[in-house]
Amino acid sequence: MIARPTAPPIARVLFLSVFLIATCGLIYELIAGAISSYLLGDTITWFSLIIGVYLSAMGVGSYLSKHVEGNLVARFVEVELAVALLGGFEGPLLYAGFAYTPNFRPILFIIVGLIGMGVGLELPLLVRILEREASLKDLLARVLFLDYIGALAASLLFPLFLLPRLGLFQSSLTVGLVNAAVGLWTASVFQAPPRVKTRLRVLSLIAIALLGGTLLFARTLEERIEADLFADPIALRVQSPYQRIVVTRRDADLRLYIDGALQFSALDEHRYHEALVQVPLAHTATPPRRVLVMGGGDGLALREVFRHDSVEAVTLVDLDPEMTRLFRDRPELATLNGGSLADPRVTVVNEDAFVWLRTYDGPRFDAAIIDFPDPNNHGLGKLYSRQFYAMLRRSLAEGATFSVQSTSPLFSRRAWSCIVETVGAAGLLVRPYHTYIPSFGEWGFVLGSKNPLPAPREFPAGLRFLNAELLPTLFTFPSDIAPLPSEVNRLDNQVLVRLYEEEWAELRVR
């Protein structure tokens, strides 16, 4: 007699569901944190709030599960499909909420809270369903083990695969499809009246069709929503493992945005980069031969460095290889920087600047250009800390100088003052300076050195903005933007990030 194949045991299917639920739930949490950090800045604050809301909502869902009665497997499938739809559409809903309504924050917390409640409901239901299959001790051990392993899988999948390959929109929808698939196979294998089973299968297929259909048009939808976040047409968009890179173009005005924040406009970036680079290079004790550039993966600071014939070698340290690749290989971007990233004198190091500088033990530099984005999160704040500048000091030769882009002394005066104070606290001589950049307004810099500054040398030929007559005026401050006494930004307090966020938040409210 030939044995008939049997359906997979419900317990095995539901244990697999525990793993997938945990994986999908944490990925939804990470997507919400990434989107909110991208759109609002201050990574630690928003990730902390989202984790808190998500976990507390899970607790609410777990508590409410005691009121769920009837066919528990059917209730589980219904909750699973609700989580699939809400989590799957999380990315599109959050982007649309930011682009088209003033209520992004309430939408964010409502979505995160509802997903957390759904996941919190699912796990107790699964335990109640499975309690017939094993002892409580064995059951809890297996469920919690799979739950935690699922969290590990999510923490690896999201940064290493989903975010760089699919982006936030498609990641959200793809993970939603996994949840919907869990609902479909659970509905298919458990024993239930035909009408109930048919209803759950139809609901699962509808959810899969909605998520799958949207996934097919996700790129178009994402482009349309993201286009409404920028004033000019988008010419290039790239999601790297580290940041969202967007380039817009309107006629001759090409603009770079990182995580939604403007980095430069081609119409006036020469003002910024000449001030950032030419001021310190004019004040080195001898013509600079070895130069360090930290940040500046767009190659525009490099372009200014190579105006000096004395330069023999430049080390560029920028975290994101995608940034340096784009501005080396894309003709319209390489034209802006004069092909500087392809110059044989450049050594590109794609590492965290703090970690790289801490372990650097090579030849000392005659000048350093510090061109990081504004300190709007703690990952960037460490690059403006006293510890960072102390490490920088050790990498500089005698007579060396450096400059630090230091945000706006007009719009963020306390943060700007904190940077000035922090550089000085690292045992360096400090001369703050500023200039006006139409795309940004009044902008601040710090000129630092290990030794008293000599008289400046002549600027190289070909500058469009800076000249000998203008140079002294950069060091003169009107009363309303002059540096104020300030706390020092340290790794253990990150006061700079708080000051920066408070001042720019006040500006947005005005």
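So if each residue of separation counts as 0.36 nm, and I subtract the Cα-Cα distance between Glu312 and Glu502, what length gain in nm does that give?
Numbers: separation 190, 0.36 × 190 = 68.40 nm, distance 4.25 nm.
So the extension gain works out to 64.1 nm.
Between Leu463 and Arg201, what length in nm is gained on full extension when 0.36 nm per residue of separation is reduced by their alpha carbon distance? Please list the in-between numbers first.
On the way: separation 262, 0.36 × 262 = 94.32 nm, distance 6.89 nm.
Length gained, Leu463 through Arg201: 87.4 nm.
Amide H of Leu254: which non-local residues (sequence gap of 5 or more, or other chain) have their own amide H closer than 5 Å, using H built in the peptide plane?
Correct list: Ala266, Leu267.
Taking the chain as the reference, fit the longest principal axis to its C-alpha atoms, fit the long axis of helix 10-40 to the helix C-alpha atoms, and give the angle between the two in degrees, 0 to 90, nearest 10.
For 10-40 against the chain, the angle is about 30 degrees.
If each residue of separation counts as 0.36 nm, what is the full-extension length gain between His378 and Asp253 once their alpha-carbon separation is subtracted? Kindly include the intermediate steps, with their values, before the conclusion.
Details: separation 125, 0.36 × 125 = 45.00 nm, distance 3.12 nm.
Here the segment from His378 to Asp253 would lengthen by 41.9 nm.
Work through the residues other than Glu122 whose Cβ is under 13 Å from its Cβ and net out their charges, Lys, Arg +1 and Asp, Glu -1.
Details: positive: Arg75, Arg128; negative: Glu78, Glu80, Asp147.
Every neighbour counted, the sum reads -1.
Can you give the local net charge around Ala218? Use residues other than it whose beta-carbon is closer than 14 angstrom to its beta-carbon, Lys and Arg +1, Asp and Glu -1. It would help to have the intermediate numbers written out before the result.
On the way: positive: Arg165, Arg219, Arg224, Arg237; negative: Glu90, Glu222, Glu223, Glu226.
Overall, the nearby charge balance is 0.
I'd like to compare 77-86, 56-65, 347-356, 376-385: which one has the highest average count of other Cβ atoms within 10 Å, and what's the full order after that?
On the way: 77-86: 24.0, 56-65: 17.2, 347-356: 15.7, 376-385: 21.3.
Going by the mean number of other Cβ atoms within 10 Å, highest first, we get 77-86, 376-385, 56-65, 347-356.
List every residue whose amide H lies under 5 Å from the amide H of Phe365, counting only residues 5 or more places away in sequence or on a different chain, with H placed 1.01 Å from N in the peptide plane.
Leu396, Ala397
Specify whether the C-alpha gyration tensor of the stretch 268-509 places it in the rounded, prolate or oblate class, a ≥ b ≥ c being the square roots of the eigenvalues: rounded for a/c under 1.5, otherwise prolate if a/b is larger than b/c and oblate if not.
It is rounded, given that a/c, with a ≥ b ≥ c, falls under 1.5.
Order these peptides, 220-232, 93-105, by their mean beta-carbon neighbour count within 10 angstrom, highest first. Can you show the working numbers first?
Values: 220-232: 14.9, 93-105: 16.7.
The packing order, highest mean first, is 93-105, 220-232.
Among the DSSP beta bridges whose two residues both lie in the chain, what percent are antiparallel, rounded to the nearest 5?
Details: 29 of 48 bridges.
Taking every DSSP beta bridge within the chain, about 60 percent pair in antiparallel fashion.
Using a cut-off of 12 Å between alpha-carbon atoms, which aspartates and glutamates can reach Lys197, once sequence neighbours fewer than 8 places away in the same chain are excluded?
Straight-distance partners of Lys197: Glu78.
Given H placed on each backbone N at 1.01 Å, which residues far from Arg244 in sequence or on other chains put an amide H within less than 5 Å of it?
Asp259
With no solvent and one point on each alpha carbon, what is the Debye value of log10 I(q)/I(0) for the stretch 10-218 at q = 0.09, 0.18 Å⁻¹?
Normalising to I(0) and taking log10 leaves -0.33, -1.28.
Report, in degrees rounded to the nearest 10, the 0 to 90 angle that the Cα long axis of helix 386-395 makes with the longest principal axis of the chain.
50 degrees
Sort the stretch 334-393 into rounded, prolate or oblate with this rule: let a ≥ b ≥ c be the square roots of the eigenvalues of the Cα gyration tensor; rounded if a/c is under 1.5, and if a/c is not under 1.5, prolate when a/b is larger than b/c, oblate otherwise. Write out the running numbers ahead of the final one.
Numbers: a/c = 2.25, a/b = 1.36, b/c = 1.65.
Oblate shape, in that a/c is at least 1.5 and b/c is the bigger or equal ratio.
In whole Hz, what ³J(HN,Hα) sequence does the stretch 201-206 give by Karplus (6.51, -1.76, 1.60; θ = phi - 60°), x for Gly and Pro?
5, 4, 4, 5, 5, 5
Roughly what would the spin-label model give for Arg142 and Glu332, points 7 Å off Cα along C-beta, in nm?
Reported label-point gap for Arg142 and Glu332 is 5.7 nm.
Suppose a student asked you for the relative contact order of the chain, using Cα pairs under 8 Å spaced at least 6 residues apart; what percent would you report? Could the numbers behind the result be given before it?
Numbers: 871 pairs, mean separation 65.8, N = 510.
Normalised by residue count, the contact order of the chain is 13 percent.
Can you list the HN-Hα couplings for the stretch 214-219, worked out from phi with the Karplus curve (6.51, -1.76, 1.60; θ = phi - 60°), rounded to whole Hz and with x for Gly and Pro?
These are the phi-based 3J(HN,Hα) values: 5, 4, 4, 10, 4, 4 Hz.
Only counting other Cβ atoms within 10 Å, I'd like Glu501, Glu131 sorted with the fewest neighbours first. The partial results should precede the final answer.
Numbers: Glu501 19, Glu131 12.
Least crowded to most crowded, the residues run Glu131, Glu501.
Per DSSP helix of 4 or more residues, -39500 (n - 2.57); summed, then divided by the residues of the chain. What does that give at 222 nm, rounded to the nearest 500?
Values: 19 runs with 274 residues, N = 510.
Helices in the chain give a 222 nm mean residue ellipticity of -17500 deg cm²/dmol.
Rounded to whole Å and ordered largest first, report the semi-axes of the equivalent ellipsoid of the stretch 257-334 derived from its Cα gyration tensor (root of 5λ).
Working: eigenvalues 103, 43, 25 Å².
Equivalent-ellipsoid dimensions as semi-axes: 23, 15, 11 Å.
Label points 7 Å out from Cα along the Cβ direction at Arg325 and Leu152: separation in nm?
Reported label-point gap for Arg325 and Leu152 is 3.0 nm.
Would you kindly derive the ³J(HN,Hα) couplings of the stretch 313-326 from the backbone phi angles with the Karplus curve 6.51 cos²θ - 1.76 cosθ + 1.60 (θ = phi - 60°), listing them in order in whole Hz, with x for Gly and Pro?
8, 10, 9, 10, 10, 9, 4, 9, x, 5, 5, 5, 5, 4
So what are the radius of gyration and Dmax for the Cα set of the chain, in Å?
According to the Cα coordinates of the chain, Rg and Dmax are 27.5, 101 Å.
No value in this document is a laboratory result; all are computed from the given coordinates. Source: prediction; values computed, not measured. Backbone-built Cβ (ideal geometry, glycine too); neighbour counts: all protein chains shown.
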